[in-house]
Amino acid sequence: MNDVREIVTRAVLAKGRKKFKFKETVLVNSDVSSVLGCWIINHEFSTELKNKEVVLNGSFENNLWYSADNNTRTDVAKSTTEYSGTVKVKEVLNDNISDHCDVVARVLQQPTCTNALITNDGIEIDIVFEVLVEVIGETKMMVNVVNTPCQEDDLDMLENEINEDFLEGR
């Protein structure tokens, strides 16, 4: 006889993915000759679910290594970029997304400087990173339960197969 049971569980209700692109101008104290390197560090963010979109608020630090005074000395310019952006999510399950859902966000590509350009105002850098978000909430699923009668003979045979003296033979 088959019975149908309803199980309440937590599951991924919606997913979204977005690539963020920023242009940031880093101010420098001297005349820049060339850009030697750029590192993006200390990326931190928080998430919030609003109207079937995930709002991402975060910040990261830009460290720009450059040469100055006709390549006679080097220096590092630092700045912090704060950002806010939204990631649209597509429902995976046809459940209503509510305020009781949790949002899990993972960075697929850490913030990276893809280009640096010397300008009159400083050094303009292009920054790219990618995020995957999942909305997790309660959902119900239906399962078929097959009742099989327990055969006591099967349990007796299992008990007979156990060798209780297996340690004494050593």
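FYI, it's all coordinate maths here, none of it is from the lab. If you're wondering where the values come from, they're calculated on a predicted model, not measured in any experiment. Cβ: placed from backbone, ideal geometry, glycine included. Neighbour counts: every protein chain shown.
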**Message:** Compute the helix-to-body angle for 152-161: its Cα long axis versus the longest principal axis of the chain, expressed 0 to 90° and rounded to tens.
**Reply:** 70 degrees
**Asked** G58: net charge of surrounding residues, Cβ under 15 Å, Lys/Arg +1, Asp/Glu -1, itself excluded?
**Response** -2
**Request:** Give me the Debye-computed log₁₀ of I(q)/I(0) at q = 0.10, 0.13 Å⁻¹ for segment 9-140, equal point scatterers on Cα only, no solvent, two decimals.
**Result:** -0.43, -0.61
